[in-house]
Amino acid sequence: MSAPIGRLAPSPTGVLHLGNARSFLLAWLDIRARNGQLLLRIEDLDGPRIRAGAEQAAIQDLLWLGLDWDAECQRQSERLLVYRQALEQLIHKQRAYLCNCTRRDVENAASAPNLGEEGPIYPGTCVARFDHTAAAKLAQQDGVMPNFRFLVAPGITQFVDRFVGPTAMDVAQQLGDFVIWKRADEAAYQLAVVVDDAASHIDEILRGDDLLFSAARQIQIYTALELPIPHFAHVPLIRGADGRRLAKRHGDTSLRSLREQGLSSKQLLGWLAWQSGLQAAPTPCTAAELVADFDLQCVPPTPVTWRGSFNA
Ligand code: GLU
């Protein structure tokens, strides 16, 4: 088996926090333990949510953690043409269509029982509404465009997640056709991530389980573009003592603030390794010291709980 290729893909929308540190550490270990290659990709497509300086801060945090990568970092904002080509291919295959529904339209069209996990299920209002050659022309010209949606294949999307195990999702029933090109004339996350991972030959994706449902959408895009599907591993997020997703209410868990309070990266890594089943106690250590014995099977399936202290 050839050495795996993985990636670290921070979004520069804010500072990295404890939860990001754990997912990035596991992604890094999973590749380093198998002598694979790691790439760094800055996912800076989220327009107004991108914060100045966040990219540099994320890179600084990753280096502070002792996580490295093997090639020059890639930025999604520099790859719009490649995403546009993928959109054109999907239009050509009649798997992408123009949609001028606003969020409000979708919400109004979907009655209460039609609420999926991620909001209202798109009722298909614009399927076959616009001629697809018009859509293709629009995709080639610059300027403000309507959304493009991906035509979801009906039925169950199945895959075996390396962490979660066999997973089955019905994207059509749970979400409906989803946006792959945004009104602001920019690829949406689901399309950009597939195009980038395929172009970089990424075959191992390890990330937080908040993206588990996205994997089913991404598999549908891989399939439509006839690209090889990578392996996925979705690990639980860190939660607060109240069981809720880590947020401001649980205190400032940004790596920058923890560092400013005097926490060393070794203390943090020791705690993360202990919480991730890689050490019997929160003994300070470096990321590199965890490589030799790393085994994804040791990581418990339950979420890590942050109780406000790095001690046992
Ligand atoms: N950029 C995304 C995030 O920071 C990760 C996307 C991915 O790993 O596919 O949440």
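The values are calculated or read from the model by the stated rules, or taken from the named source; none is laboratory data. Quick caveat: nothing in here was measured; it's all calculated off a predicted structure. No Cβ is skipped: glycine too gets one built from the backbone with ideal geometry, and neighbour counts run over all protein chains shown.
Pull up the range 200-219, narrow it to residues that are over 18 Å from Ala168 (Cβ atoms) and out of contact with any helix residue (DSSP H, G or I) (no Cβ under 7 Å at 6 or more places or on another chain), then point me to the one that is farthest from the ligand (Cβ to nearest atom). Looking at residues that are over 18 Å from Ala168 (Cβ atoms) and out of contact with any helix residue (DSSP H, G or I) (no Cβ under 7 Å at 6 or more places or on another chain), I get His201. When Ile205 is tested against (1) touching a residue at least 60 places away in the same chain (Cβ under 8 Å); (2) in contact with a Cys (Cβ under 6 Å, 6 or more places away or on another chain), exactly one condition is not met: (2). Restricting attention to the range 41-61, the residues that are crowded, with 20+ Cβ neighbours inside 10 Å and modelled with pLDDT under 90 total 0. Name every residue in the range 246-295 that is without any contact (Cβ under 8 Å) to a residue 12 or more places away in the chain and surrounded by 14 or more Cβ atoms within 10 Å (Cβ to Cβ), in order of residue number. Within the range 246-295, Gln279, Glu289 qualify. Specify which of the listed residues (Asp61, Asp68, Asp30, Asp44) is among the acidic types (Asp, Glu), assigned to a loop (DSSP other than H, G, I, E, B) and either more than 10 Å from the ligand (Cβ to nearest atom) or touching a residue at least 60 places away in the same chain (Cβ under 8 Å) (or both). Only one candidate passes the filter, namely Asp68.
Those residues that are among the charged types (D, E, K, R) and more than 16 Å from Leu225 (Cβ to Cβ), I need them from the range 178-202; list them, please. Result: Lys182, Arg183, Asp185, Glu186.
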